[in-house]
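Engineer: Got a structure for you, questions after.
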C-alpha cells in the first residue's frame, strides 16, 4: 500500500511514528520545512536508516513552523498513492492541498491530533475551518474530544477513525511503578532534597499556565518541591515567586526524552495547569512513568486518558492547590493512580499507533479505493 502523508516539520515524535509506519506500508512524507525556527535545535530527531521516503518541498513563503509550498500539487497529481493524509490542514500548504483534493475529487484523510472548539470565534474564521475540515473522505482522530471538534466544524461522524496519539515507544514505559526506595535513589542522583516532588514540563509561555501553578504553590506546604522543566525563570514567574516568598521552586532547562525520564520517575505528582492544549504529549510521558497526574479541562490528552477526578477547572489556583495537597497526603490513592496511569499508557505506544493507522488505511482503502 502506497501512502502519502503531508506534514509541516520533522518533529521528533512524528519522525519516530513515520519510522514505525514505514515498516508497515510504502510511505512517503512531504515536509513544508526542514525545521521550525521557533524550536530548540535539541528538539530535532535524526534517523540514519529511514524506513520511509521523505521529501522537503520548496517554500515560497516561510512562517515559524509552516510554509506555503505550491509544489505540493505535483505530488497530489500522482494517482499511484492509495492513501493521502493531510497532516496539517491549517497551514498555507495544507489549505492548498485540501483545495486541490476537493476540486479533483481525490479521496483523502485529514489528521487531527486534537482540537478545542472556539464557540465565540468570528463567523469568517468558523466558515474557514468548516470549509477546511468538512468534505474530507475520512478523519484521523485522537478521541472523543477531537471527534466533537471535527463534527462541530463539518466532519461526518461516520467517517471518523480513532487512533492512540503518543510520542513513546513500548520500551519507554516502565515495567511497573517504582518503589519509594527507588525514587529516593533517583532523587539523590538528581540533587532533589524535598519530601514531596511536583513536576511540570513545557515551554514557558502563558498558554501552559505555569503562573497558575506558582500561585497554587503559595497555598501548599513549603516542603513540597515544585520543579518546572523547559527554560529559565521569566520575569513574571520571578515576580510571583518573590511576592509569595516561595523558596521551593526549581527551574530546569529543556531536556531530551532520555534525560527527562529520570525526573518523571523521581516525582510524586505531575501537574499541567494548561490554559489550552489540543493534546498535551507530556501527559503521555508522565503516565508512562507511572506518575499520578493532574491537568485542566482544556487539555485534550487529560480529558481522554485520565480519570475525571484528575481534571480541574482552568485558571483556578486555589482549587488546583487543594487537589494537589489532598492527593499528596493520600499515599494509597497515589499508588492506585500510579498503577492505573501506567496501564492506560500501554495503549498509547508508537508501535500501536502505527498498527492502528495501518488498520485504518486498509479499511479506508476498501471503502474508497
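Engineer: Residues 151, 200: which one is touching a strand residue (DSSP E or B) at 6+ places or on another chain (Cβ under 8 Å) and outside the structural domain of residue 271 (by TED's automatic domain parsing)?
Structural biologist: 151
Engineer: For region 151-200, give me the residue count where each residue is more than 30 Å from residue 248 (Cβ to Cβ), in a helix (DSSP H, G or I) and without any contact (Cβ under 8 Å) to a residue 40 or more places away in the chain.
Structural biologist: 6
Engineer: From the residues in region 223-246 that are under 16 Å from residue 267 (Cα atoms) and either in contact with a helix residue (DSSP H, G or I) (Cβ under 7 Å, 6 or more places away or on another chain) or surrounded by fewer than 19 Cβ atoms within 10 Å (Cβ to Cβ) (or both), which one is modelled with the lowest pLDDT?
Structural biologist: Residue satisfying both the conditions and the ranking: 223.
Engineer: Restricting region 176-203 to residues that are surrounded by fewer than 17 Cβ atoms within 10 Å (Cβ to Cβ) and within 26 Å of residue 296 (Cα to Cα), which is modelled with the lowest pLDDT?
Structural biologist: Among those residues, the one meeting the criterion is 195.
Engineer: Looking at region 1-15 only, could you name the residues that are surrounded by fewer than 20 Cβ atoms within 10 Å (Cβ to Cβ) and either within 13 Å of residue 57 (Cα to Cα) or more than 15 Å from the chain's Cα centre (by Cα) (or both)?
Structural biologist: 1, 2
The values are calculated or read from the model by the stated rules, or taken from the named source; none is laboratory data. All figures in this text were calculated on a predicted structure; none of them were measured in a lab. Virtual Cβ from ideal backbone geometry, glycine too; neighbours counted across all protein chains shown.
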